[in-house]
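Data block below; observations after.
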């Protein structure tokens, strides 16, 4: 499989570093075009346009910081912020950019009531136009896996809530 375009949908409110580390390690040997995607989903009555613009600008700045942190100055990742339902926007971006692979962090643990509904990850897997890799979710304090570095967990990377 010749992978040239990789889409990484990120949730900036959770530490999204596992997918970035995975793709960075994967892209060492071959040149790939990486797209970092954040979907802004406000589950409220649509606020004024200015609020969306400010939140999108903050999210874009956070994605650019993550891009520089993980891929350095020599390999610039494409940064995209979309507004809408996460699974719909992720699939739309994958189709629009002809992505060869989607790399996502695993979903958070779900309660019994949430298991009755399809989550974003499952919807993407079911409808993806390309292969999707779902990385297992790291358990906090697990002795088998190292914790993220302090610079990655830095609150300055995340947009204001």
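Does residue 21 count as closer than 23 Å to residue 107 by Cα and surrounded by 16 or more Cβ atoms within 10 Å (Cβ to Cβ)?
no
Please pick out the residue among 99, 15 that is within 22 Å of residue 130 (Cβ to Cβ) and either modelled with pLDDT under 95 or within 10 Å of the chain's Cα centre (by Cα) (or both).
99
Which of the residues belonging to segment 11-21 are more than 13 Å from residue 67 (Cα to Cα) and not in a loop (DSSP other than H, G, I, E, B)?
18
Considering 64, 24, which residue is more than 12 Å from the chain's Cα centre (by Cα), at pLDDT 85 or above, closer than 21 Å to residue 132 by Cβ and assigned to a helix (DSSP H, G or I)?
On the way: 64 fails: closer than 21 Å to residue 132 by Cβ.
Exactly one of 64, 24 is more than 12 Å from the chain's Cα centre (by Cα), at pLDDT 85 or above, closer than 21 Å to residue 132 by Cβ and assigned to a helix (DSSP H, G or I), namely 24.
Can you go through 90, 6 and tell me which one is surrounded by 14 or more Cβ atoms within 10 Å (Cβ to Cβ), at pLDDT 80 or above, in contact with a helix residue (DSSP H, G or I) (Cβ under 7 Å, 6 or more places away or on another chain) and in a helix (DSSP H, G or I)? Spell out the reasoning first.
Working: 6 fails: in a helix (DSSP H, G or I).
The match here is 90.
Search segment 120-134 for residues that are more than 15 Å from residue 19 (Cβ to Cβ) and pair each with any residue that is surrounded by fewer than 17 Cβ atoms within 10 Å (Cβ to Cβ) when their beta-carbon atoms are under 7 Å apart and the residues are at least 6 apart or on different chains.
These pairs meet every condition: 129/95.
The values are calculated or read from the model by the stated rules, or taken from the named source; none is laboratory data. Computed from a prediction, not measured in an experiment: that's the story for all the values here. In this analysis, Cβ positions are derived from the backbone assuming ideal geometry, glycine residues included, and neighbour counts consider all displayed protein chains.
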